[in-house]
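*Asks:* This structure is in structure tokens; I'll ask about it shortly.
Any read-out appearing in this document is the output of simple, stated calculations on the displayed coordinates, not a laboratory observation. Just so it is clear, the structure is predicted and the values come from calculations on it, not from any experiment. Cβ sites come from the backbone with ideal geometry, for glycine too, and all protein chains shown count toward neighbours.
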4 protein chains.
Amino acid sequence: MHQHACPLRLDAGTRENARLRLLTVKGHVEGILRMLEDDTIYCVDVLKQTKAVAGALNKVGDLVLRSHLKDHVVTASERGDSDRIIEELMEVLKYR
Amino acid sequence: MHQHACPLRLDAGTRENARLRLLTVKGHVEGILRMLEDDTIYCVDVLKQTKAVAGALNKVGDLVLRSHLKDHVVTASERGDSDRIIEELMEVLKYR
Amino acid sequence: MHQHACPLRLDAGTRENARLRLLTVKGHVEGILRMLEDDTIYCVDVLKQTKAVAGALNKVGDLVLRSHLKDHVVTASERGDSDRIIEELMEVLKYR
Amino acid sequence: MHQHACPLRLDAGTRENARLRLLTVKGHVEGILRMLEDDTIYCVDVLKQTKAVAGALNKVGDLVLRSHLKDHVVTASERGDSDRIIEELMEVLKYR
């Protein structure tokens, strides 16, 4: 886990929004798990579902990223932790 | 759901392998849900986790894709359903 | 370069289509090179252009992929080179 | 093109670095164009090359993104244009 002198936190509204979306993602994964118990399931139907879940996860990521930009990245120079903020952001955006 | 004259099915071994991996994905999503109950959680720690889960989902997709190629795509010409097989594959590979 | 007993080739129509699209891609890259000679250019304007070119390249890739599926992948079982066809396809689709 | 009251510019070093890399990208595209004049070329060899060029373009994008974060994003709050900076960044990072 990350440590700042003054801790940076995900804002409460985004946290709740992300949590609700991830509950949906969890339900979707459970749906695919049920599909996979059916021995007549077709490969492409599974592929469509894993792709849809990955898309929903990316939306959660976008939500958190936007909140991070707003609350922590655009203020990094004021706070004096720009280098750290940039490094961790570049790392997390790699192959996104 | 997809219908073929002779139904195409995800092979049993891959289906079980995908199911086990998706159980891990589900556990990972539950882990992020617990993170999101912590009001001191840092945005980038959430982003790292959603990215890791998306990566794990892509691995499940690769597994199923490889099985689909082997069992259904390379034999499509013999079966006579090449057009359908190609269309659904191109659709599912878009923006992958 | 790849060798098959009986050589597999990109079909002439797709080859010409891909060539024309790549000429456009080249023109687009030259456009970005000119942008980069302007010392007042804004970062995000460059990012939009590199992203657009990557998108155009992916379209060329899709074109060639579709042709490959049609001419070589769906017939692999008949030809007897399924393993090789699947391996190289999985490799090229990785992180696409 | 983008307009700020006080214009934001890609820094000179990054601009030159991006230009040199894009010259290489252009050379790579010309190499694929030559490949495509060969009527014995194999689809997968083209796919490998378009994928490699897309990867090189993404590296140029990363370079410019890092420079943008450092010079313009972490200072947005000080400058007072955070909303605009965030919107254009989210747009350009979409489906990256």
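*Asks:* Being aliphatic (A, V, I, L, M), within 30 Å of C:ALA12 (Cα to Cα) and in a helix (DSSP H, G or I): is that true of D:VAL60 here?
*Replies:* No.
Okay, residues lined up against (1) within 10 Å of chain A (Cβ to nearest Cβ); (2) acidic (Asp, Glu); (3) under 30 Å from A:LEU63 (Cα atoms):
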site: B:VAL53; (1), (2), (3): yes, no, yes
site: B:LEU69; (1), (2), (3): yes, no, no
site: B:THR75; (1), (2), (3): no, no, no
site: B:ASP83; (1), (2), (3): no, yes, no
site: B:VAL92; (1), (2), (3): yes, no, yes
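For (1) without any contact (Cβ under 8 Å) to a residue 12 or more places away in the chain; (2) farther than 13 Å from C:VAL73 by Cβ; (3) more than 10 Å from chain A (Cβ to nearest Cβ), each residue gets a yes or a no:
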| residue | (1), (2), (3) |
| --- | --- |
| B:LEU36 | yes, yes, no |
| B:THR40 | yes, yes, no |
| B:LEU57 | no, yes, no |
| B:LEU89 | no, no, no |
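*Asks:* If a residue has to be among the hydroxyl-bearing types (Ser, Thr, Tyr), assigned to a loop (DSSP other than H, G, I, E, B) and surrounded by 15 or more Cβ atoms within 10 Å (Cβ to Cβ) to count, how many in the stretch B:1-46 make the cut?
*Replies:* 1
*Asks:* Still on this structure, please answer the following. When the stretch A:47-94 is examined, which residues are found to be closer than 16 Å to D:MET90 by Cα, among the β-branched types (Val, Ile, Thr) and crowded, with 23+ Cβ neighbours inside 10 Å?
*Replies:* A:VAL60, A:VAL64, A:VAL73, A:VAL74
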